[in-house]
1. Return the residue satisfying two criteria in turn: it lies in region 58-99 and is of a type in the set (D, E, K, R) and within 13 Å of the chain's Cα centre (by Cα), and of such residues it is surrounded by the fewest Cβ atoms within 10 Å (Cβ to Cβ).
2. Restricting attention to region 56-67, does a residue exist that is more than 28 Å from Q46 (Cβ to Cβ) and assigned to a strand (DSSP E or B)?
3. Out of the residues in region 96-128 that are in a helix (DSSP H, G or I) and touching a strand residue (DSSP E or B) at 6+ places or on another chain (Cβ under 7 Å), which is farthest from E81 (Cα to Cα)?
4. Within region 33-57, count every residue that is farther than 18 Å from G148 by Cα and more than 16 Å from the chain's Cα centre (by Cα).
5. For region 27-64, give me each residue that is touching a strand residue (DSSP E or B) at 6+ places or on another chain (Cβ under 6 Å) and of a type outside the set (A, V, I, L, M, F, W, C).
6. Collect the residues in region 129-143 that are within 16 Å of the ligand (Cβ to nearest atom) and either in a loop (DSSP other than H, G, I, E, B) or in contact with a Pro (Cβ under 7 Å, 6 or more places away or on another chain) (or both), keeping them in residue-number order.
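Read-outs throughout are calculated quantities, based only on the coordinates presented, and are distinct from any laboratory measurement. All values derive from a computational prediction rather than experimental measurement. Every residue, glycine among them, receives a Cβ derived from its backbone with ideal geometry; neighbour counts consider all protein chains shown.
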Amino acid sequence: MRSVRRFVLAVAIGLGCVIGGGVFALASTGLAKEIQFVARDLEDQQAVWLPREIVLQQSTDFAEPLIFRFDNPTARTHVFEAPGLLESVEENGVQITRPVRVTIAPGENEQIAVDRNRITSDVSTDKNRTVTYRFYCPLHRADDDGGGTIAVRP
Ligand SMILES: [Cu+2]
């Protein structure tokens, strides 16, 4: 019974995101494509990142740098993890890439530059099909939660 209620809640949140997602999640400043993620606490100590579904078009959305912004308005620390995605950072004056795993303290914001080359390479390797990456908070992820998705169309 409990897991059913949780599922219904997740679906309700998911629907809200799909409707609202296009409005607030994707913004182009002309200098960068930005996606805003917001941490949301659920019942049973779990948490998710909203919106749950992001769709990117490689042919148009990858002309500018791709920035992910994270907002954690909750009272707990959350982590944004997205296996397969890399972020681009400068370390000791050298540009390097590393797996996306960002820790955001309560009430804090963070942002990263996503490595577009890696995604472009994934899409072409997969015979120019849509490539999907998952994301979640590894600290508060439900067992039955597959995470949110970032789909990149060729
Ligand atoms: Cu968390």
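1. Per the stated criteria, the residue is R69.
2. Within region 56-67, one or more residues are more than 28 Å from Q46 (Cβ to Cβ) and assigned to a strand (DSSP E or B).
3. V123
4. Number of matching residues: 1.
5. If the condition is that a residue be touching a strand residue (DSSP E or B) at 6+ places or on another chain (Cβ under 6 Å) and of a type outside the set (A, V, I, L, M, F, W, C), then K33, E34, Q36, R40, D41, R52, E53, Q57, Q58, D61, E64 are the ones that fit.
6. From region 129-143, those within 16 Å of the ligand (Cβ to nearest atom) are 134-143; that's our starting set.
Selection gives R134, C137, P138, L139, H140, R141, A142, D143.
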